[in-house]
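Trainee: Attaching a single structure in structure tokens format; questions to follow.
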Amino acid sequence: MAGQDTSHLLERFTIVGDLEAACFVPWIRRHAAKLGLSPTIAYTSSRRIEIEVAGPEELIDMMEMGCSLGPIEVWVERIVRTAISGERT
């Protein structure tokens, strides 16, 4: 469609806080699937989870907001987003 932005970003989220990785990682996958994203889990611990997410910027923003609110079992202190690459097709 003319005028529609179809660019996709690839970003790494570093999520820091009191994270129950055993429940948060499946929650992240389900939330991403609802948004049509496929996250790649790069690292997990009780204090940090790193994921890579590719998709339209608006959906990645929604993913960040969802992760910041997360399930009741986790306390997210901060999320650091790092661009891995610019545009992808």
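The values are calculated or read from the model by the stated rules, or taken from the named source; none is laboratory data. Remember, it's a predicted structure, so these values are computed and weren't measured experimentally. Positions of Cβ are generated from backbone atoms using ideal geometry, with glycine treated the same way; all protein chains shown enter the neighbour counts. When the accessible area is computed, the model is the full protein with side chains, heavy atoms only, and any ligands, DNA or RNA have been set aside. Shrake-Rupley method; radii C 1.70, N 1.55, O 1.52, S 1.80 Å.
Trainee: Filter the stretch 48-74 down to residues that are of a type in the set (A, V, I, L, M, F, W, C) and over 8 Å from the mean Cα position of the chain (by Cα) and give me whichever is least open to solvent (accessible area, probe 1.4 Å).
Mentor: I49
Trainee: Only one of these conditions is not met by I41: (1) surrounded by 15 or more Cβ atoms within 10 Å (Cβ to Cβ); (2) hydrophobic (A, V, I, L, M, F, W, C); (3) more than 17 Å from P71 (Cα to Cα). Which number is it?
Mentor: (1)
Trainee: Here's a follow-up. Report, by residue number, each residue of the stretch 17-40 that is within 14 Å of the chain's Cα centre (by Cα) and not in a helix (DSSP H, G or I).
Mentor: G36, L37, S38, P39, T40
Trainee: Consider R30 carefully, then state whether it is of a type in the set (K, R), open to solvent by 70 Å² or more (accessible area, probe 1.4 Å) and touching a residue at least 24 places away in the same chain (Cβ under 8 Å).
Mentor: Answer is no for this residue.
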